[in-house]
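A.B. asks: Just dropping this structure here.
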Amino acid sequence: MTLFEDLKWRGLIKDISSPELEKKLNEEKITFYIGTDPTADSMHIGHFSSFLIATRLARYGHKPVLLIGGATGLIGDPKPSLERQMISKEDVLKNVEGLTHQAKEIFGFEVVNNYDWIKDINILDFLRDYGKYINVNYMLDKDIISRRLNSGITFCEFAYTLLQGLDFVHLNESKGVTLQVAGSDQWGNITTGIELARKKNDIELFGMTMPLVLDSNGVKFGKTEGNALWLDKNKTSSYELYQYLINTDDACVVDYLKKLTFLTREEIEKIEIEQASEPEKRIAQKALAKEVITFLHGEDEYLKALKMSEVLFSGNVSELSASEIEICFKGVPNFDIESEITLIDLLINNNICSSKREAREFLNNNAILVNGNTINDENFIINEKLAIDNKVIVIRRGKKKYFLGIIK
């Protein structure tokens, strides 16, 4: 397949500004850019599909430029229904540093910050050199702006699309960029840049958007939506990412394989057939988790996440380190253990069981596990010597209820 055919098969093309772009992608070597505003100090999985296209195009010889919007991030891209909360300059600077480091580390391409060229443009030069080329009626026709007219949109947000258009023109003039790639929600901003370049410099630039990656509920991945999976492993561990991906809905997983991995069409179609015949084996989900985590964090992190998952499935938590246990059981109820205590008292005092009678029932039914071992002696002593790495004790009640004891 050609590059363009591969992108279409993967479902990575929603809109293109000109039919000529297909030929350019297949036959020429072009410089393109993709950007994000620094609303956080890490990208999330919603960015991953978009930014991954930089690697896809680079493998065909095209040159990516990754833009971090230090200037546009101070303004904020208009949201569909309400004004975006402004971020302080200090937070924007911190986020720019985090995203720049992350983009270089994961993708390895040139990273630029639009604050570097926008900060020195005064308001009069902005209006004369850029504002005079874009008609207000043209801006009012933008979907994101027109949807805000009834509720109201500030001039600050209204001008955002022109700032992004300015970026496109500047990168064309300074780095020879001729294509902007982005998620489908950026189409209006891309076309503003194309229009600005046509009127200001009498040249044709190109744009291409990708469908947004949605979860099983049809909601896009993102920080605002509250379902962010961060690409920074210190914010979302490889294990947490593995657990999310391994539990991907069957209806979504093949689409994710196409959009989030570099597996070939033949490999994905083979996985799709195997998945359909034996869905209980979660072959597609395992392939997805392996490819994504290995690309983001390396093979060692993937193998570590896999080991943690397999150990938890078997119940042999004693094979994990204290730090691994804290990652695996992030969010489960936890309590402090400050001195020796009998198991039955620990169960009662920390609301693992509601009464001694209930505790004895669980113990007699072999339904209480301490560090993966079944214990039915209510006078069993819990102390520091029992703790994994002298730090943590894992209590399991029944099949799925976990509690974490922290030695103090």
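A.B. asks: Peptides 386-393, 20-27, 47-54: what's the order by average Cβ count within 10 Å, highest mean first?
C.D. replies: 47-54, 386-393, 20-27
A.B. asks: Now, a different point. Looking only at region 264-299, which residues have a backbone nitrogen under 20 Å from a spot 7 Å from the Cα of residue 399 in the C-beta direction?
C.D. replies: Zone members listed by number: 279-282.
A.B. asks: Turning to a different aspect of this structure: How far apart, in nm, are two points set 7 Å out from the Cα along the Cα-to-Cβ line at residue 120 and at residue 8?
C.D. replies: Placing both labels 7 Å along Cα→Cβ, they lie 4.5 nm apart.
A.B. asks: Another one. At most 14 other Cβ atoms within 10 Å and a DSSP loop assignment: could you name the trypsin sites (Lys or Arg not before Pro) in region 99-172 that fit?
C.D. replies: 119, 147
A.B. asks: Just check the chain against the gyration tensor rule for me: Cα atoms, a ≥ b ≥ c as the square roots of the eigenvalues, rounded for a/c under 1.5, and otherwise prolate or oblate depending on whether a/b exceeds b/c.
C.D. replies: prolate
A.B. asks: Then there is this: In terms of modelled amide H atoms, which long-range or inter-chain residues lie less than 5 Å from the amide H of residue 110?
C.D. replies: Those lying under 5 Å, H to H, from residue 110 are 66.
A.B. asks: Cα gyration tensor of region 261-311, axes a ≥ b ≥ c as square roots of the eigenvalues: rounded (a/c below 1.5), prolate (a/b > b/c) or oblate?
C.D. replies: oblate
A.B. asks: Can you pull the percent of region 136-275's accessible area that's carbon plus sulfur, 1.4 Å probe, other chains left in place?
C.D. replies: Reported share for carbon and sulfur atoms: 48 percent.
A.B. asks: Determine, from the Cβ-Cβ distance of residue 385 and residue 147 and an R0 of 45 Å, the FRET efficiency 1/(1 + (r/R0)^6), rounded to the nearest 0.05.
C.D. replies: In this case the efficiency is close to 0.10.
A.B. asks: For residue 20 and residue 300, compute 0.36 nm times the residue count separating them, minus their Cα-Cα distance, and round to one decimal in nm.
C.D. replies: Separation in residues times 0.36 nm, less the Cα-Cα distance, equals 96.5 nm.
A.B. asks: In Å and whole numbers, how far do the C-alpha atoms of region 174-313 stretch along each principal axis, longest first?
C.D. replies: Principal-axis extents of the Cα atoms in region 174-313, largest first: 61, 35, 28 Å.
A.B. asks: Put 403, 380 in order of accessible area, largest first, 1.4 Å probe: what do you get?
C.D. replies: 380, 403
A.B. asks: Excluding ligands, DNA and RNA, what is the solvent-accessible area per residue of region 1-143 at a probe of 1.4 Å, expressed in Å²?
C.D. replies: Heavy-atom accessible area per residue stands at 49 Å².
A.B. asks: Also, I was wondering about something else. First check a/c for region 273-358, with a ≥ b ≥ c the square roots of the eigenvalues of its C-alpha gyration tensor; if it is under 1.5, answer rounded, and if not, answer prolate when a/b is larger than b/c or oblate otherwise.
C.D. replies: Since a/c reaches 1.5 and a/b is larger than b/c, the shape of region 273-358 is classed as prolate.
A.B. asks: For residue 129 and residue 339 in one chain, what is 0.36 nm times their gap in residues minus the Cα-Cα distance, to one decimal in nm?
C.D. replies: Result for the pair: 68.4 nm of gain on full extension.
A.B. asks: Which of the trypsin sites (Lys or Arg not before Pro) found in region 50-89 are loop residues per DSSP with 11 or fewer other Cβ atoms within 10 Å of their Cβ?
C.D. replies: Taking region 50-89 and a limit of 11 other Cβ atoms within 10 Å, the loop trypsin sites (Lys or Arg not before Pro) found are 59.
A.B. asks: Something else about it: To the nearest 500 deg cm²/dmol, what mean residue ellipticity at 222 nm is calculated for the chain from DSSP H runs of n ≥ 4 alone, each contributing -39,500 (n - 2.57), summed and divided by the residues?
C.D. replies: Value at 222 nm, helices only: -14000 deg cm²/dmol.
A.B. asks: Eight or more residues apart or on different chains, and alpha-carbon atoms under 30 Å: count the Lys pairs in region 87-220 matching that.
C.D. replies: 28
A.B. asks: Oh, and also: So how exposed is residue 212, as accessible area in Å² (1.4 Å probe, rounded to 10)?
C.D. replies: 60 Å²
A.B. asks: Still on this model: Of all the accessible heavy-atom surface of region 301-408, with the other protein chains kept in place and a 1.4 Å probe, what percent is carbon and sulfur?
C.D. replies: Accessible surface attributable to carbon and sulfur in region 301-408 totals 44 percent.
A.B. asks: Moving on. Please give the FRET efficiency for residue 199 paired with residue 323, using the beta carbon to beta carbon distance and R0 = 60 Å, rounded to the nearest 0.05.
C.D. replies: After rounding, the FRET efficiency stands at 0.55.
A.B. asks: Follow-up question, since we're still on this one. Find how much the distance from residue 185 to residue 274 grows on full extension, using 0.36 nm per residue of separation minus their present alpha carbon separation; answer in nm with one decimal.
C.D. replies: Length difference between fully extended and current span is 28.6 nm.
A.B. asks: For the chain, set up a Gaussian network in which alpha carbons nearer than 10 Å are linked by springs, and say which option among 203, 121, 368 fluctuates the most.
C.D. replies: Result: 121 has the largest fluctuation of those listed.
A.B. asks: Once you place label points 7 Å from the Cα toward the Cβ at residue 27 and residue 105, how far apart are they in nm?
C.D. replies: Label at residue 27, label at residue 105, 4.2 nm between them.
A.B. asks: Can you tell me the relative contact order of region 35-175? Whole percent, Cα pairs under 8 Å, sequence separation 6 or more.
C.D. replies: Relative contact order, region 35-175: 31 percent.
The values are calculated or read from the model by the stated rules, or taken from the named source; none is laboratory data. Small disclaimer: the values here were computed from a predicted structure and weren't measured. Ideal geometry is used to build each Cβ from the backbone, glycine not excepted, and the neighbour counts take in all protein chains shown. In case anyone asks, the SASA skips ligands and DNA or RNA and just uses the protein heavy atoms, side chains included. Shrake-Rupley method; radii C 1.70, N 1.55, O 1.52, S 1.80 Å.
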